[in-house]
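The values are calculated or read from the model by the stated rules, or taken from the named source; none is laboratory data. All figures in this text were calculated on a predicted structure; none of them were measured in a lab. For neighbour counting, all protein chains shown are included, and Cβ atoms are generated from backbone atoms with ideal geometry for every residue, glycine included. All accessible areas refer to the heavy atoms of the entire protein, side chains included, with ligands and DNA or RNA removed. Shrake-Rupley method; radii C 1.70, N 1.55, O 1.52, S 1.80 Å.
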Amino acid sequence: MHDHACDAIRAAEHALSRLAYEKASEHYELALRALALAPADERRRGHLLLALGDAFARASDVERTKATFQQAAAIARRLDDMEMLARAALGFC
């Protein structure tokens, strides 16, 4: 994975550990943009979307939470990844 994506993921995880959910969301979005510059890795993108959806949920951003988990669910269906699909569905709760 691209170094910028890895750096952004680490920053997001650090922000989450400090309960800075909006900042974590920003970093996960940066990671997704960096990942888009690398060769396609739908599984990684799906997992990043799950993390981003969780950060949006913790920040009480309902609309973005729903949209993000929907994107993750679509990827999970394409990959036939039932665990990812279940995690995306649970994100709606």
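Worth pointing out:
- Length-normalised contact order of the chain in % [C-alpha pairs under 8 Å, at least 6 apart]: 24
- Packing-based ranking of 60-73, 6-19 yields 60-73, 6-19, ordered from highest to lowest mean Cβ neighbour count within 10 Å.
- Equivalent-ellipsoid semi-axes for segment 43-93 (Cα gyration tensor, √(5λ), whole Å, largest first): 18, 9, 8.
- Assigned charges on the beta-carbon of Lys, Arg, Asp, Glu; the chain dipole about Cα centre (debye): 100
- Once divided by 2.2 N^0.38 Å, the Cα radius of gyration of segment 25-69 becomes 1.11.
- Label selected from (i) 12.9; (ii) 17.0; (iii) 14.0, the criterion being Kirkwood radius over Cα pairs in Å as computed here: (i)
- Peptide packing for 29-38, 77-86, 46-55 was compared via the average number of neighbouring C-beta atoms within 10 Å per residue; ordered from the highest value, the list is 46-55, 29-38, 77-86.
- Calculated accessible area for the chain comes out at 60 Å² per residue, all protein chains present (probe 1.4 Å; ligands, DNA, RNA ignored).
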